[in-house]
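S.K.: Just dropping this structure here.
The values are calculated or read from the model by the stated rules, or taken from the named source; none is laboratory data. Since the model is a prediction, treat every value here as computed from it, not as a measurement. Note that we place each Cβ from the backbone using ideal geometry, even for glycine, and neighbour counts take in every protein chain shown. Just the protein is used for accessible areas: all its heavy atoms, side chains included, with ligands, DNA and RNA removed. Shrake-Rupley method; radii C 1.70, N 1.55, O 1.52, S 1.80 Å.
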Amino acid sequence: MMDEEELVEYFRAQLREDPDIASAVAAIRTLLEFLKRDKGLNSANIFNKPVTACSPSLPPLLYLSCDCPLLLTPGETILGLRESLKWATACLTGVDSSVAVSSGGELFLRFITLTSLEHQDLSRCKKMMEERGELFLEKISMSRSKVAKLCHTFIKDGAKILTHSYSRVVLRVLEKAAAEKKRFSVYVTESQPDSAGRQMAEALRKLNVPVTVVLDAAVGYVLEKVDLVIIGAEGVVESGGIINKIGTYQMALCSKTHNKPFYVVAESFKFVRLYPLNQQDVPDKFKYKADTLKTVQNLSEEHPIIDYTPPSLITLLFTDLGVLTPSAVSDELIKLYL
Amino acid sequence: MMDEEELVEYFRAQLREDPDIASAVAAIRTLLEFLKRDKGETILGLRESLKWATACLTGVDSSVAVSSGGELFLRFITLTSLEHQDLSRCKKMMEERGELFLEKISMSRSKVAKLCHTFIKDGAKILTHSYSRVVLRVLEKAAAEKKRFSVYVTESQPDSAGRQMAEALRKLNVPVTVVLDAAVGYVLEKVDLVIIGAEGVVESGGIINKIGTYQMALCSKTHNKPFYVVAESFKFVRLYPLNQQDVPDKFKYKADTLKTVQNLSEEHPIIDYTPPSLITLLFTDLGVLTPSAVSDELIKLYL
């Protein structure tokens, strides 16, 4: 039984040990651990210790609606388990407010419950859910390699690539292309306010790829020199558009005008049930860092850290489900979330 | 007779005393002073030394306006009948014309502001880029006309000049928000119009301005927002770039960088070129022009 602190600590530990994994994968490992340790509070504990029903550090308790005021603990019902997993996901988005953590958590929950849970014995159901959870985790740990395998063939010899900020998926794609002995050079935007682009440039230099850091303002200037644009995504929305670090939208607009292909690389757990029509439609909880959301009152003073890129500007999306056009994304999303 | 050091020192002193004037105006004052002190013996020699003086000044401040301002000054003062036998009388006439030129261009910013502020409607949201004194003057005039408007300024790396603009606007009690360079596409759906200054206006009707202007223009075109440029006429320059690479390197980087750095491809360029197809209107002291009208005006100026 993990309370909020342990949950957050486990999540952070996962991110620390392996800085290369996606934050969503770390979140899913944490949720799997939460599932394994979920024992519910046994009745002895209920009646001995006063437990407030809305204690924020513990998952919500369910009340059985019948004449006798019997408390059913979360670990004893499937519904309760689902509720506590949702609560756990909410805790994790309080640490890392990116879209992927939220969508990853939801997909995890759906995947593990997407099975026949007709057993009488709750512990056997839970065991099945845990197995499916492990299977899900294994599948998504391989997704980045699948994406890289699909995408690197689109990088021709002598290509000049433009990318935005720091994306581990794009890095993996470029690693694979470099391993295939292709010669290419990369322009990375500096990507304020956290200068994440410099981190990307460092990583690329280690691969002996010629890389130039450009200012965010220099995207239009540099676009006539590049051949293609490859970027990652924090989330892929139902319309086929993407949510990514701020600056992506104008990069897409400029690429469209210059007729340069605009490729997006994303794993399938980043598909999210949102349909924004413009920048304002993206929920505030994704637009700002988790710390900012908790501390700042007037969000209009803050710089948003993500923007929404409509599907009309995207050429192709490379995912572990295959190479998709933006219009195909909604089909795949439906299949994922059914 | 001024040598290079005195020239540069006078130029810098002009910029220090009055930080609000355009650097081209300071350059022209310096050239006028150089002319007054010049002891040369021939008109041709005088022309050559003025060209040399302009080159020295571009070594201090590599912006397009200094270069174009110097050339226009030279043309203006020699655009007169210099048929006198006496050289000193020719020089005196040139000095008078120089003073006249200087007086005309000192008023150009007010003329531009007078033309442009009427395009700012009440309740407008304006987007602007980096720090431009001309845009500031336009917004001052609009604020003085009791119009209510709010401004988004881009931070404009690498020198964060946008923050200076925001400070100046706050002093005018205009609500201003500083946005990241990367947030231009994000913010454009909220704004009504885009007003920017220019460091130089080229023959095609396009402009040369701080880096980031080109993508702002591209995005404005896509969002159908009017893209207005405010520039004085001495910024019109005899260049016709077809793309970003065509702009000469001497304008792309700061003067110090050009002198010290060997491999310029490592440096961030500080300007970019915006083609005329993306510009709605140009406000100059010669009037409100469409980009296609610019080449006509330029020919008239330089004839």
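S.K.: Please specify each residue of the range A:76-99 satisfying the condition of being modelled with pLDDT of 85 or more and acidic (Asp, Glu).
M.R.: The one that is modelled with pLDDT of 85 or more and acidic (Asp, Glu): A:Glu83.
S.K.: Additional query: If the requirement is being of a type outside the set (Phe, Trp, Tyr) and more than 26 Å from B:Tyr253 (Cα to Cα), which of these qualifies: B:Leu139, B:Leu127?
M.R.: B:Leu139
S.K.: With A:Ala53, A:Ala44 as the choices, which residue is over 30 Å from A:Val265 (Cβ atoms), modelled with pLDDT under 55 and assigned to a helix (DSSP H, G or I)?
M.R.: A:Ala44
S.K.: Separate question: Every residue in the range B:57-80 that is under 18 Å from the mean Cα position of the chain (by Cα) and of a type in the set (S, T, N, Q), please.
M.R.: Listed by number, the residues that qualify are B:Thr58, B:Ser62, B:Ser63, B:Ser67, B:Ser68.
S.K.: Tell me which of these B:Ser220 doesn't satisfy, since it passes every other one: (1) under 30 Å from A:Val226 (Cβ atoms); (2) outside any helix (DSSP H, G or I); (3) modelled with pLDDT of 90 or more; (4) touching a Leu at 6+ places or on another chain (Cβ under 9 Å).
M.R.: Checking B:Ser220 against (1) under 30 Å from A:Val226 (Cβ atoms); (2) outside any helix (DSSP H, G or I); (3) modelled with pLDDT of 90 or more; (4) touching a Leu at 6+ places or on another chain (Cβ under 9 Å), the one that fails is (2).
S.K.: Still on this structure: So which residues in the range B:13-58 are in contact with a helix residue (DSSP H, G or I) (Cβ under 7 Å, 6 or more places away or on another chain), over 19 Å from B:Met94 (Cβ atoms) and without any contact (Cβ under 8 Å) to a residue 60 or more places away in the chain, if there are any at all?
M.R.: Those that are in contact with a helix residue (DSSP H, G or I) (Cβ under 7 Å, 6 or more places away or on another chain), over 19 Å from B:Met94 (Cβ atoms) and without any contact (Cβ under 8 Å) to a residue 60 or more places away in the chain: B:Gln14, B:Leu15, B:Ser23, B:Ala26, B:Cys56.
S.K.: A:Val229 is checked against (1) within 12 Å of chain B (Cβ to nearest Cβ); (2) of a type in the set (A, V, I, L, M, F, W, C); (3) part of a strand (DSSP E or B); (4) in contact (Cβ under 8 Å) with a residue 40 or more places away in the chain and fails just one. What number does that condition carry?
M.R.: The failed condition is (1).
S.K.: Would you pick out the residues in the range A:290-303 that are open to solvent by 40 Å² or more (accessible area, probe 1.4 Å) and either within 14 Å of chain B (Cβ to nearest Cβ) or in contact with a strand residue (DSSP E or B) (Cβ under 9 Å, 6 or more places away or on another chain) (or both)?
M.R.: A:Asn298, A:Ser300, A:Glu301, A:Glu302, A:His303
S.K.: For the range A:172-200, which positions are surrounded by fewer than 21 Cβ atoms within 10 Å (Cβ to Cβ) and either within 14 Å of chain B (Cβ to nearest Cβ) or assigned to a helix (DSSP H, G or I) (or both)? Steps first, answer last, please.
M.R.: As a first pass, look at the range A:172-200 and keep what is surrounded by fewer than 21 Cβ atoms within 10 Å (Cβ to Cβ): A:172, A:175-176, A:178-185, A:193-196, A:198-199.
A:Arg172, A:Glu175, A:Lys176, A:Ala178, A:Ala179, A:Ser185, A:Pro193, A:Asp194, A:Ser195, A:Ala196, A:Arg198, A:Gln199 - these are the residues of the range A:172-200 that are surrounded by fewer than 21 Cβ atoms within 10 Å (Cβ to Cβ) and either within 14 Å of chain B (Cβ to nearest Cβ) or assigned to a helix (DSSP H, G or I) (or both).
S.K.: Still on this structure, please answer the following. Restricting attention to the range A:314-337, does a residue exist that is within 12 Å of another protein chain (Cβ to nearest Cβ) and under 20 Å from A:Ser165 (Cα atoms)?
M.R.: Taking the range A:314-337 and keeping what is within 12 Å of another protein chain (Cβ to nearest Cβ), we get none.
Within the range A:314-337 (the criterion being within 12 Å of another protein chain (Cβ to nearest Cβ) and under 20 Å from A:Ser165 (Cα atoms)), the answer is no, since none of the residues qualifies.
S.K.: Can you go through B:Phe251, B:Phe236 and tell me which one is touching a helix residue (DSSP H, G or I) at 6+ places or on another chain (Cβ under 8 Å) and modelled with pLDDT of 85 or more?
M.R.: From the options B:Phe251, B:Phe236, the qualifying one is B:Phe236.
S.K.: Here is a follow-up. For the range B:201-225, give me each residue that is more than 13 Å from every other protein chain (Cβ to nearest Cβ) and open to solvent by 30 Å² or more (accessible area, probe 1.4 Å).
M.R.: Correct list: B:Glu203 only.
S.K.: Touching a Lys or Arg at 6+ places or on another chain (Cβ under 7 Å), of a type outside the set (A, V, I, L, M, F, W, C) and buried (at least 19 other Cβ atoms within 10 Å of the Cβ) - does that describe any residue in the range B:67-77?
M.R.: Yes - at least one qualifying residue is present in the range B:67-77.
S.K.: Looking at B:Ala161 and the list (1) buried (at least 23 other Cβ atoms within 10 Å of the Cβ); (2) closer than 19 Å to B:Lys210 by Cβ, which single condition is not satisfied?
M.R.: (1)
S.K.: A:Ser143 versus (1) farther than 23 Å from A:Val25 by Cβ; (2) at pLDDT below 90; (3) among the polar types (S, T, N, Q): which is the lone unmet condition?
M.R.: So A:Ser143 meets the others, but not (1).
S.K.: Take the range A:304-338 and flag every residue that is in a strand (DSSP E or B), of a type outside the set (A, V, I, L, M, F, W, C) and under 25 Å from A:Thr93 (Cβ atoms).
M.R.: A:Asp307, A:Tyr308, A:Thr309, A:Thr319
S.K.: Checking the conditions here, which among A:Leu150, A:Leu135, A:Leu162 is part of a helix (DSSP H, G or I) and either touching a strand residue (DSSP E or B) at 6+ places or on another chain (Cβ under 9 Å) or closer than 30 Å to A:Glu190 by Cβ (or both)?
M.R.: Values: A:Leu135 fails: either touching a strand residue (DSSP E or B) at 6+ places or on another chain (Cβ under 9 Å) or closer than 30 Å to A:Glu190 by Cβ (or both); A:Leu162 fails: part of a helix (DSSP H, G or I).
A:Leu150 is the lone residue from the list that is part of a helix (DSSP H, G or I) and either touching a strand residue (DSSP E or B) at 6+ places or on another chain (Cβ under 9 Å) or closer than 30 Å to A:Glu190 by Cβ (or both).
S.K.: Ok, one more. Among the residues of the range B:278-303, write down those that are touching a residue at least 24 places away in the same chain (Cβ under 8 Å) and in a helix (DSSP H, G or I).
M.R.: Within the range B:278-303, B:Leu278, B:Pro291, B:Ser292, B:Ala293, B:Val294, B:Ser295, B:Glu297, B:Leu298, B:Leu301, B:Tyr302 meet the criteria.
S.K.: Let me spell it out: the conditions are (1) part of a strand (DSSP E or B); (2) at pLDDT below 90; (3) polar (S, T, N, Q), and B:Asn209 meets all of them except one. Which number is the exception?
M.R.: (2)
S.K.: Let me ask something else about it. Out of A:Ile334, A:Ile314, A:Ile306, which single residue is open to solvent by 20 Å² or more (accessible area, probe 1.4 Å) and of a type in the set (A, V, I, L, M, F, W, C)?
M.R.: When all the criteria are applied, what remains is A:Ile334.
S.K.: I need a count of the residues in the range A:252-277 that are away from chain B (no Cβ under 13 Å) and not in a helix (DSSP H, G or I).
M.R.: Selection size over the range A:252-277: 12.
S.K.: Quick test for you: out of B:Glu167, B:Glu155, pick the one residue that is open to solvent by less than 40 Å² (accessible area, probe 1.4 Å), over 30 Å from B:Leu298 (Cβ atoms) and not hydrophobic (A, V, I, L, M, F, W, C).
M.R.: Criteria check complete, one pass: B:Glu155.
S.K.: While we're here: Is one or more of the residues making up the range B:112-131 of a type in the set (Phe, Trp, Tyr), crowded, with 16+ Cβ neighbours inside 10 Å and either in contact with a Cys (Cβ under 9 Å, 6 or more places away or on another chain) or free of Cβ contacts under 8 Å to residues at least 60 places away in the same chain (or both)?
M.R.: Residues of the range B:112-131 that are of a type in the set (Phe, Trp, Tyr), as a first pass: B:119, B:131.
Right, trim to crowded, with 16+ Cβ neighbours inside 10 Å and you get B:119, B:131.
Right, trim to either in contact with a Cys (Cβ under 9 Å, 6 or more places away or on another chain) or free of Cβ contacts under 8 Å to residues at least 60 places away in the same chain (or both) and you get B:131.
Yes, that holds for at least one residue.
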